[in-house]
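Reviewing the structure listed below.
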Amino acid sequence: MNPLDSNALVAVIGAGAMGAGIAQVAAQAGHPVKLYDNRPGAAAQAVAGIDRQLGRLVEKGKLQPDAREAISARLQPVDAIETLADAKLVIEAIVENLQVKQQLLLQLEGLCGQDCILASNTSSLSITSLAAGLQRPQQVVGMHFFNPAPLMALVEIVSGLATEPAIASTLYDTARAWGKKPVHTRSTPGFIVNRVARPFYAESLRLLQEGAADCATLDALLRDAGGFRMGAFELTDLIGHDVNYAVTCSVFEAFYGDFRFQPSLVQKELVDAGRLGRKSGQGFYSYAEGAERPPVAQLHSQASAERCVVEGHLGALQPLVARLRENGLAITERAGKGLLRIGDATLALSDGRLASQRAREDGLRNLVLVDLALDYQAATRIAISWSADTSAEARDQAVALLQRAGLKVTGIADLPGLVVLRTVAMLANEAADAVLQGVGSAADIDLAMCAGVNYPRGPLAWAEQLGVDYTLRVLEHLQASYGESRYRPSLLLRRCREQGANLHD
């Protein structure tokens with residue numbers, strides 16, 4: 001490791017929530033820190049706020065009083081940018097405006113020493129563009145923290161076209177020394193997280209628009225079956241629809257209108273109406289005092305479920321068999337094509353086709369498709385859909401079987417890929433394309449999505465666990481169903497399938 005010396009002065013410009021958080025992280029790591037903001041008194045106010053936060057940690061027993069004093073002593077609010085001249089690292093966390101940031105970096109280049117690293121906390125602007133007008137563009141690098149910076153582990157180290165590799169390496173090692181989980185990425189639209197995460201929001205928005213289910217139900221499925229900490233609608237309400245929609249539009253435009261990143265008309269309508277989420281009191285959900293969250297749709301069956309037949313290996317659905325046994329079902333196993341039968345019902349893991357299409361093409365009567373779960377042993381809810389000719393009796397038998405396993409069962413409209421499966425497949429597809437295009441390594445992309453947005457599993461690791469061939473087949477079926485380039489599979493997935501390779505190879 002070759003991090004900055006802990007005695008090196010770190011300067012942070014911008015005393016908002018991000019700037020103050022970054023200043024706190026650097027001070028906690030032992031650096032003397034100067035915090036500057038062009039608003040009179042803002043830096044001093046931010047430092048006082050940091051000290052209060054440290055005080056709360058002391059009250060909770062998470063920080064020793066003398067450590068609080070030492071950290072606070074290392075934080076110095078300053079009123080003049082000229083006082084930053086002796087900094088070895090300057091991190092700007094000001095407004096997301098290219099020209100404003102360029103002007104600041106130009107000023108800093110003339111002010112600070114030639115060995116000073118100039119870092120930007122930008123979440124979306126090109127590091128190459130930020131550095132383009134400087135005499136020493138090799139000293140400019142992205143250091144993208146996630147909010148709140150003291151708590152979130154991920155830091156994206158973003159290299160522009162001119163960034164010196166040794167500079168990026170130094171900041172990577174510095175972030176690790178600060179207790180963070182850094183990843184390397186190139187300066188492409190969205191970097192890693194804001195690019196790869198787009199399908200998480202986009203697929204739920206599309207499912208809502210197509211009438212698959214309501215917001216509360218789709219969110220519950222992503223949480224209770226997919227293992228995500230929050231569903232897409234509650235998460236965008238938390239982020240703010242103005243912010244989330246703007247990022248989507250920015251990525252869409254930066255990729256010259258690639259429909260993989262197409263913004264949602266549903267979200268645009270919320271923004272137009274001023275329903276920005278928690279901060280406005282209304283988004284997909286109401287946050288008015290006393291407002292209750294809408295109920296989650298659930299199917300109930302009174303049918304008996306005592307025995308079932310497993311034909312062949314069920315793929316990712318196979319762990320459900322053990323759960324059924326644990327709940328007392330008699331199970332007969334025989335050769336077959338990966339089907340689960342109870343009474344007149346035939347259950348199968350979705351492969352991305354419509355239930356009605358698969359029933360017709362594969363000659364399956366009373367077909368009920370089951371959605372993907374992160375862990376079928378731990379999931380509390382699962383989604384199903386069924387073909388048009390599935391009888392009500394057969395559907396009830398399928399629901400009874402899943403209830404017997406201790407699962408809450410939610411029915412959704414017959415749409416390709418259901419909810420969790422299509423979301424995971426699209427996340428893996430975008431992550432694979434990012435690897436293919438050299439945006440980041442497979443390991444760094446998986447780490448970024450887990451550490452930056454709390455995914456329960458890295459999307460590429462998830463695709464490997466499901467099988468590259470199966471993931472690719474799901475995407476091919478989605479593309480065939482919609483006939484859109486949005487669902488085109490990544491060449492990397494095709495190459496791995498043909499070569500028998502893993503995505504992390």
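Every number here is computed from the coordinates shown, using simple stated rules; none is lab data. Here the structure is a predicted model, which means the values were calculated and not measured. All Cβ positions, even for glycine, are placed from backbone atoms using ideal geometry, and neighbour counts span all protein chains on display.
Hydrodynamic analysis of segment 307-411 uses the Kirkwood radius over alpha carbon pairs. Inserted into Stokes-Einstein at 37 °C and 0.692 mPa s, it gives a translational diffusion coefficient of 244 µm²/s. Simple rule: put +1 on each Lys or Arg Cβ and -1 on each Asp or Glu Cβ in segment 1-65, find the dipole, and look at Leu54, Ala42, Ala27; the Cα lying farthest toward the positive end is Leu54. Cβ crowding within 10 Å, taken as a proxy for footprinting-reagent exposure, orders Ile13, Ile239 from fewest neighbours to most as Ile239, Ile13. The fraction of all Cα pairs in segment 279-352 landing in successive 10 Å bins from 0 to the largest distance is 15, 35, 18, 13, 16, 3, given as whole percents.
Bridge orientation summary for segment 10-187: considering DSSP beta bridges with both residues in this region, about 15 percent are antiparallel. Fewest to most neighbouring Cβ within 10 Å: what's the order for Phe146, Phe284? So the ranking, lowest neighbour count to highest, is Phe146, Phe284.
Between the residues Ala216, Phe252, Gln267, the greatest Cα displacement towards the positive end of the dipole of segment 195-280, with unit charges on the Cβ of Lys, Arg, Asp and Glu, is found for Phe252. Distance distribution note for segment 10-187: the fraction of Cα pairs above 27 angstrom is 20%. Principal axis analysis of the Cα atoms in the chain yields extents of 78, 51, 44 Å, listed in decreasing size. Evaluated over segment 10-187, the count of Lys pairs having alpha-carbon atoms less than 22 Å apart is 8 (only pairs 8 or more residues apart or interchain). Isolated cysteines in the chain, defined as those with no second cysteine Cβ under 4.7 Å, comprise Cys215, Cys249, Cys308, Cys450, Cys496.
Using the Cα coordinates of segment 1-108, the gyration tensor eigenvalues translate into equivalent-ellipsoid semi-axes of 24, 16, 12 Å, sorted from longest to shortest. What the phi angles of segment 264-281 give under the Karplus curve with 6.51, -1.76 and 1.60, with θ = phi - 60°, is a coupling list of 9, 5, 4, 6, 4, 4, 4, 4, 4, 7, x, 8, 8, x, 4, 5, 9, x Hz, glycine and proline written as x.
For the Cα trace of segment 362-464, dividing Rg by the Kirkwood Rh returns an Rg/Rh value of 1.09.
Kirkwood radius for segment 195-280, taken over all pairs of different Cα atoms as the inverse mean of 1/r, rounds to 13.1 Å.
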